[in-house]
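Heads up, the thing below is written out as structure tokens.
The values are calculated or read from the model by the stated rules, or taken from the named source; none is laboratory data. This structure is a prediction, so every number in the text was calculated from the model and none was measured. Methodologically, a virtual Cβ is constructed for each residue, glycine included, from the backbone with ideal geometry; neighbour enumeration extends over all protein chains shown. Only protein heavy atoms, including side chains, enter the accessible area calculation; ligands, DNA and RNA are left aside. Shrake-Rupley method; radii C 1.70, N 1.55, O 1.52, S 1.80 Å.
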Amino acid sequence: MSGRWIERWEPEDETFWRETGERIAKRNLLWSVVSEHIGFSVWSLWSVMVLFMGPAYGVDPAGKFFLIATATVVGSLIRVPYTFAVARFGGRNWTVFSALLLLLPTGFAYAVMEPGTSYGTFVLVAALTGVGGGNFASSMTNINAFFPLRKKGWALGLNAGGGNIGVPVVQLAGLLVIGTAGAMHPRIVLGVYIPLIVLAALGAALFMDNLAPVKNDTGAAKEAVKARHTWIMAFLYIGTFGSFIGYSFAFGLVLQTQFGRTPLQAASLTFIGPLLGSLIRPVGGSLADRHGGARITLWTFAAMSVATGVVIYASAVASLTVFLVGFVGLFVLTGLGNGSTYKMIPAIFLTQGHRKGLVGEAAEAYGRRLSGASMGLIGAVGALGGLGINLAFRQSFLTVGSGTGAFVAFLAFYAACMLVTWAVYLRRPAAVAPVPDTAAGAEGVEPQPAPAKV
């Protein structure tokens with residue numbers, strides 16, 4: 001797999017981008033989205049499989065939440081090595097390999113998905129599906145290298161949004177199977193995905209490219225780990241993507257457990273929130289390109305707090321209709337926040353380059369180095385928010401018999417995210433905020449070359 005290496009890649013050069021780069025970047029983006037989409041579907045398989053697990057399986061709701069949490073934590077942690085795999089093996093090469101690796105959890109799930117299988121086996125197979133979560137990190141790192149800064153919000157939002165849609169798509173597949181063949185045939189869902197995985201790998205092999213200038217930079221990785229903005233953005237990403245993936249995995253099970261929905265009734269509703277949240281993610285990135293990611297992120301967390309309050313009220317009065325309105329609103333808002341927070345990352349480190357006295361290509365190179373190195377870590381820590389959500393639901397149902405306690409905790413967390421976003425990226429005077437949102441009109445800041453909207 002040594003072919004299709006591109007030796008020169010200068011996306012910030014407008015002539016290069018117009019004549020050569022844009023066409024190649026968009027082609028790679030397309031197949032990156034396809035592969036990441038299938039990866040998300042495999043990662044979220046157990047949000048669907050638990051709907052098939054009736055009394056004959058002998059697994060209670062707490063056990064089902066733990067299966068989902070297991071897939072979540074493995075998919076989160078594996079994002080770190082996946083981030084560095086792109087530079088080590090090439091974006092095309094790693095996409096092909098990581099796509100084919102999805103055959104492992106899908107095949108094992110096909111083999112064991114039946115009553116009588118031990119719970120330990122289910123936990124092991126759920127852990128294997130975590131490899132699908134890693135595809136996001138390698139895909140985002142790869143696409144980040146292909147596009148110029150002015151296009152990153154759109155490109156990263158589209159790449160991530162197209163991948164995120166893998167969650168509602170596999171849930172729709174589950175709904176179709178439950179509605180036609182019944183809840184006794186989960187293997188049909190798994191059988192559909194095996195040829196799709198092969199197709200994604202084949203498309204990546206034929207149409208994607210490796211970028212030779214992209215190299216692993218251990219110095220950048222160490223600097224990213226030490227940079228406080230890496231950890232601040234990871235914290236905010238827990239609130240956006242962690243909420244999205246946690247809610248996506250748990251939604252159907254919450255409907256079954258708290259509102260007594262049947263598998264078919266739960267499956268008919270589960271996909272709506274993740275679908276809307278996925279579709280709107282590129283909008284979040286586009287809004288951040290125009291208005292600054294920090295502004296969009298702040299208002300998103302404010303709206304998420306309101307939506308969470310609606311869900312808490314609906315839980316208290318046992319209103320499924322109000323609950324669905326609030327929960328779907330949360331999904332839409334997490335999608336917006338996903339796009340805006342990821343747009344902030346390259347802008348933050350570009351601005352940090354300016355503050356170090358770098359200008360022009362030197363500042364852009366610094367921004368690319370640090371943002372690329374930090375994205376995998378931010379994505380991994382953010383995805384762990386999904387683990388926290390599922391564990392919170394599990395504990396809440398064990399102790400009070402509903403998800404209300406978990407939602408109260410989520411509300412407090414979103415309030416903390418609002419405070420951090422304002423204090424670090426929007427507060428005035430600008431001298432207090434290390435990386436200002438330049439779109440907000442900071443005062444008292446010395447002029448910097450080509451300031452980036454954070």
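What to note about this one:
- Checking each residue in the stretch 400-410 for being open to solvent by 30 Å² or more (accessible area, probe 1.4 Å) and free of Cβ contacts under 8 Å to residues at least 24 places away in the same chain picks out 400, 401, 405, 409.
- Leading residue by the ranking (nearest to residue 180 (Cα to Cα)) among those in the stretch 258-272 that are open to solvent by 10 Å² or more (accessible area, probe 1.4 Å) and in a helix (DSSP H, G or I): 264
- The single condition from (1) over 30 Å from residue 5 (Cβ atoms); (2) out of contact with any Pro (no Cβ under 7 Å at 6 or more places or on another chain) that residue 201 fails is (1).
- Pair list, Cβ under 6 Å, 6 or more apart: the stretch 87-104 residue closer than 15 Å to residue 133 by Cα, other residue of a type in the set (Ser, Thr, Tyr) and open to solvent by less than 20 Å² (accessible area, probe 1.4 Å): 94/138; 95/35; 99/35
- For the stretch 364-383, the set of residues classified as of a type in the set (A, V, I, L, M, F, W, C) and crowded, with 23+ Cβ neighbours inside 10 Å consists of 370, 373, 375, 378, 380, 383, listed by residue number.
- Checked against the criterion of being touching a Leu at 6+ places or on another chain (Cβ under 6 Å) and open to solvent by 30 Å² or more (accessible area, probe 1.4 Å), the candidates 306, 332 yield just one match: 332.
- Residues considered: 50, 59, 34. Of these, the only one that is open to solvent by 40 Å² or more (accessible area, probe 1.4 Å) and not polar (S, T, N, Q) is 34.
- Qualifying residue in the stretch 288-299 (condition: at pLDDT 90 or above, over 26 Å from residue 139 (Cα atoms) and open to solvent by less than 40 Å² (accessible area, probe 1.4 Å)): yes
- Top-ranked residue of the stretch 223-237 - restricted to ones that are among the hydrophobic types (A, V, I, L, M, F, W, C) and in a helix (DSSP H, G or I), ranked as surrounded by the fewest Cβ atoms within 10 Å (Cβ to Cβ): 225
- Screening 205, 220, 250 for residues that are assigned to a helix (DSSP H, G or I), open to solvent by less than 10 Å² (accessible area, probe 1.4 Å) and over 17 Å from residue 368 (Cα atoms) leaves exactly one candidate, 250.
- Exclusive hit being part of a helix (DSSP H, G or I), surrounded by 24 or more Cβ atoms within 10 Å (Cβ to Cβ) and either β-branched (Val, Ile, Thr) or modelled with pLDDT of 85 or more (or both), set 393, 397, 413: 393
Each row is one residue, and each column tells you yes or no for (1) in contact (Cβ under 8 Å) with a residue 60 or more places away in the chain; (2) within 20 Å of residue 164 (Cβ to Cβ); (3) open to solvent by 10 Å² or more (accessible area, probe 1.4 Å); (4) part of a helix (DSSP H, G or I).
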| residue | (1), (2), (3), (4) |
| --- | --- |
| 256 | yes, no, yes, yes |
| 274 | yes, yes, no, yes |
| 310 | no, no, yes, yes |
| 314 | no, no, no, yes |
| 352 | yes, no, yes, yes |
